[in-house]
DNA sequence: GTCTATAAATAGATAGAC
DNA sequence: GTCTATCTATTTATAGAC
């Protein structure tokens, strides 16, 4: 008889966090199953409530973890001494790295944008907004320096950001559908390095003052 | 006693369609409730199964309706006689008009991109892909004509499209959160005309050959 | 075409033993 | 910290009367 594999005792909290992040990314908040999260983390469902209180509480932790990391790095870049173009390049690298380090980040953020931020509390919303504020500062700096056009910072932010989010979300789509749907043969997955160059070039093209 | 308002008999099918489109957009496929759809359409739940067979069948109809409309208009533009820059401008107007005419289109498509197209059958996937193919043809045309840079058509498509989708999805976020979250005061809603100009300008900036 | 009633499965959450 | 058992509400779907 095969003994059921067990995690070492005491590390159930991070195991639940990981499993929840993946489940929320895969199915969205409402469709995510507390039972499925517990199974994936190989813990009892009651442990989830012991550590996090509720499904909502668990979701908020995942969101805060995301925006803490992204927010801190974005603010650091915005407050640095570099020229605006360099800062924008660095921010794109940051977002790509965070999306790669937390694969659940792009799907979750896309879903929240799609649902009107339905499951986001005021505090988390403030963290989301702080990221925008920092990027807006960089765009305004570039406009003061004369290197950027007089674009609308908000509309420009929401042109660059979703492109990054969708790139990562799309990688999964392509990988899975290419097996069965021949019409998607043209859409080979792209390399991350190639995408960073594309995105940096796109952002510069969007913002650079015409001559 | 107040008599319950009734729809005229016989038009339950379109009423269900409308209600379903909104429910799918608001909550996503998995979290959408057949009961809620029936209530919203003011029909009995059994009617939904009578007309559409299943929740999945209803969802597929909503998807097909979306991509039929977008696909036909996109193909017509791509096959027309205009220069590539004009075609791209026209396509952006098309997408904005379709998103305005079908408010459920941007949220549903964003969710599918976020979930890896989990609920999309092969046929619908082909329709989605046909839109990309037509836009790719326009980009290739512009490159042959010498007006567009040698960008990757796929990465460029997925830079322009999500910006349009998110703009509409975001309008709802802003409208609702601005009431309660003061930190979002900076993010006033934008006018659609203003957005079209921004998006056409962005697409041209992305693609125009540098001098 | 339209309705009621209900089946059968699954959801989030909790009490209480260990 | 960890587990079993269970409560209650909600889910998709169907059978059958009208």
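Evaluate the following for residue A:25: is it under 14 Å from the mean Cα position of the chain (by Cα) and away from DNA strand D (no atom under 12 Å from the Cβ)?
Values: under 14 Å from the mean Cα position of the chain (by Cα): yes; away from DNA strand D (no atom under 12 Å from the Cβ): yes.
So residue A:25 fits the description; yes.
Of the conditions (1) within 16 Å of DNA strand C (Cβ to nearest atom); (2) outside any helix (DSSP H, G or I); (3) modelled with pLDDT of 95 or more, residue A:9 satisfies every one except a single condition; which number is it?
(3)
Can you name the residue in segment A:70-90 that is in contact with a helix residue (DSSP H, G or I) (Cβ under 7 Å, 6 or more places away or on another chain) and not in a helix (DSSP H, G or I) and, of all such residues, is nearest to residue A:26 (Cα to Cα)? Explain how you work it out, then say what you get.
Here is the first cut: in segment A:70-90, the ones in contact with a helix residue (DSSP H, G or I) (Cβ under 7 Å, 6 or more places away or on another chain) are A:70-71, A:73-75, A:77-78, A:80, A:83-85, A:87-90.
Restricting the remaining residues to those that are not in a helix (DSSP H, G or I) gives A:80, A:83.
Values: A:80: 36, A:83: 38 Å.
Applying the filter and picking the extreme gives A:80.
For segment A:12-69, give me every one of the helices (runs of 4 or more DSSP H) that falls completely inside it and has 1 or more residues that are free of Cβ contacts under 8 Å to residues at least 12 places away in the same chain and surrounded by 17 or more Cβ atoms within 10 Å (Cβ to Cβ). Please lay out each step first, then the result.
Working: elements: A:12-27, A:34-40, A:45-52.
Per the criteria, A:12-27.
Against the condition assigned by TED's automatic domain parsing to the domain that holds residue B:196, touching a strand residue (DSSP E or B) at 6+ places or on another chain (Cβ under 9 Å) and crowded, with 20+ Cβ neighbours inside 10 Å, how does residue B:84 come out, does it pass? Write out each step before concluding.
Details: assigned by TED's automatic domain parsing to the domain that holds residue B:196: yes; touching a strand residue (DSSP E or B) at 6+ places or on another chain (Cβ under 9 Å): yes; crowded, with 20+ Cβ neighbours inside 10 Å: yes.
Spelling it out, residue B:84 is indeed assigned by TED's automatic domain parsing to the domain that holds residue B:196, touching a strand residue (DSSP E or B) at 6+ places or on another chain (Cβ under 9 Å) and crowded, with 20+ Cβ neighbours inside 10 Å.
Quick test for you: out of B:46, B:76, B:38, B:19, pick the one residue that is more than 15 Å from DNA strand D (Cβ to nearest atom) and more than 14 Å from chain A (Cβ to nearest Cβ). Break it down stepwise before answering.
Values: B:46 fails: more than 15 Å from DNA strand D (Cβ to nearest atom); B:38 fails: more than 15 Å from DNA strand D (Cβ to nearest atom); B:19 fails: more than 15 Å from DNA strand D (Cβ to nearest atom).
Matching residue, one of B:46, B:76, B:38, B:19: B:76.
The values are calculated or read from the model by the stated rules, or taken from the named source; none is laboratory data. The structure displayed is predicted, hence computed values, not measured ones. Note that each Cβ is placed from the backbone with ideal geometry, even for glycine, and that neighbours are counted across all protein chains shown.
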